[in-house]
Amino acid sequence: MFITLAAVHPDPSIAQTGMSTGTIAVYFIIIGILLLCSALISGSEVAFFSLGPSEKDRLKNEESRNAGIARKLLDKPQELLATILISNNFVNVGIVILSSALLTELYPATPGNETVRFLMEVFLITFLILLIGEVIPKVYATRNSISIAKFMARPLSSLNSLPPFSWLKSLLVNGTAFIHKHARKSGVKISSDELEQALALTKEDNTSEEEQKILEGIIKFGNTYAKQIMRSRMEVVALEDDLTFSEVLAIIREAGYSRIPVFKNSFDNVTGILYIKDVLPYINEAADFEWNHLTRKPFFIPENKKIDDLLKEFQIKKMHMAVIVDEYGGASGIATLEDVLEEIVGDITDEFDDDDVIFTKVSDNTFIFEGRTPLVDMYKILEIDGKEFENEKGESDSIGGFIVEKAGRILKNKEFIKFETYKLIVESSDKKRIKSVKIVVEQA
């Protein structure tokens, strides 16, 4: 009886499905290297684009080769960002593919464990990429931006010119430029009111009241007209062209202004602006000195000129004062560079200015103003935006003028008008104008 022993060989198809221990180790090593690359690339993004002016100056002053390469990369930020994003995505895709293959080998899908395996494949791999490849390197790079930028300068410079990265980079940059070009044509228009609301919503605790007022002033700046900031003709110190030199000097000393308008017959006919610095060389001249030749050509603007355009013209013409004329060519008043800037930064005072608007606060909701007080100054005292008054004021610019316009006549003492939640009572007036007004803010 013969017994034949046959060797049992494994099924070739089964033998080819598994990875050897060495292959698994290689996968782990490659994934680790890719995670390190992802970390360095992600960190370099924060490092390059968080450099402040002082840190960029430090790079400029360094003579090392890496610092020079970093400066060249920063000269083309769009190309640098495109290279970083493309290379980082390539690395992360490689990590996902290799991790998925490794997980399939170590924890293959079988009936009953599909959900657990799916969660491991999605959340475990995502967690590793986010933690090691994104969060940790970016936190570190914010504190060591210069060193990371110099360390990654050469690798990023190489990737910048290495196909296919260079091809994809050009495609991305050109495509972005094309989108920006067409997006600008159909841009969303935002009103100043919406900007004010956004500013109020985004106000930070560490933003001071002065900073907030400046930001609000910038938003309103483009929608403010010259008439709203002008000094009316009743308040303007002006010189008649037939005054003697001694009379001119007396007015100059009393007024304390650096520029004074000069008119002939009436203020509607302004003929020039007298700069006080032009007068100084002749201050000891005789009383009959012909001072009119010292005047300079006036700069006229319409009442409805936007003050942002006025500021540009002041800069171009190198002038500080404009005469504002109405639709009939008569002079309404003047506006200065200081008046324009005050719309942004608030009141600018010097040794010749009154410290405050003249008013009396009787109680928390009752104030007494001079009738000639500009409406814009009233808004500041009452701490309101004045939109209701601006919409209804018509041609008036002062409190007294507003009352006359609404009432249709000059009110007598103790007469009043009601407007919105405000009661405007005339305290003193004559046949020509309203001298004093009491404003009572009534509860809505």
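Relative protection proxy for 424-437, 113-126, from highest mean packing down: 424-437, 113-126 (other beta-carbon atoms within 10 angstrom).
Which pairs in the list Lys264/Lys317; Lys277/Lys432; Lys305/Lys431 are over 29 Å apart, alpha-carbon to alpha-carbon? Write out the running numbers ahead of the final one.
Working: Lys264/Lys317 24 Å; Lys277/Lys432 37 Å; Lys305/Lys431 33 Å.
The pairs that break the limit, which is 29 Å between Cα atoms, are Lys277/Lys432; Lys305/Lys431.
Highest-first packing order for the peptide set 151-159, 281-289, 383-391 is 151-159, 383-391, 281-289, based on the mean count of other beta carbon atoms within 10 Å. For segment 405-422, the Karplus equation 6.51 cos²θ - 1.76 cosθ + 1.60, evaluated at θ = phi - 60°, returns couplings of 5, 6, 7, x, 6, 7, 5, 8, 4, 6, 6, 8, 10, 10, 9, 6, 9, 10 Hz by residue, with Gly and Pro reported as x.
Note on segment 44-127: the C-alpha convex hull projects to 7.5 nm² when averaged across all orientations. Note on Lys412 and Glu338: the extension gain reaches 23.0 nm, defined as 0.36 nm multiplied by sequence separation minus the Cα-Cα distance. For the charge dipole of segment 359-441, defined by +1 on Lys and Arg C-beta atoms and -1 on Asp and Glu C-beta atoms about the Cα centroid, which residue among Gly371, Ala407, Ser429 has the Cα displaced farthest towards the positive pole? Final value for the positive-end residue is Ser429. Taking only the Cα atoms of segment 17-74, the ratio Rg/Rh comes out at 1.31, with Rh defined as the Kirkwood radius. What whole-number distance in Å separates the alpha-carbon centres of segment 274-349 and segment 417-442? Using only Cα atoms to place each centre, the spacing works out to 32 Å.
For segment 21-173, the alpha carbon positions stretch 63, 32, 29 Å along the principal axes, listed from largest to smallest. With 20 Å as the limit on Cα-Cα distance, the pairs of Lys76/Lys150; Lys361/Lys387; Lys361/Lys412 that go past it are Lys361/Lys387; Lys361/Lys412.
No lab work stands behind these numbers, since they all come straight from the coordinates. Not measured: the values here are computed from a predicted model. Virtual Cβ from ideal backbone geometry, glycine too; neighbours counted across all protein chains shown.
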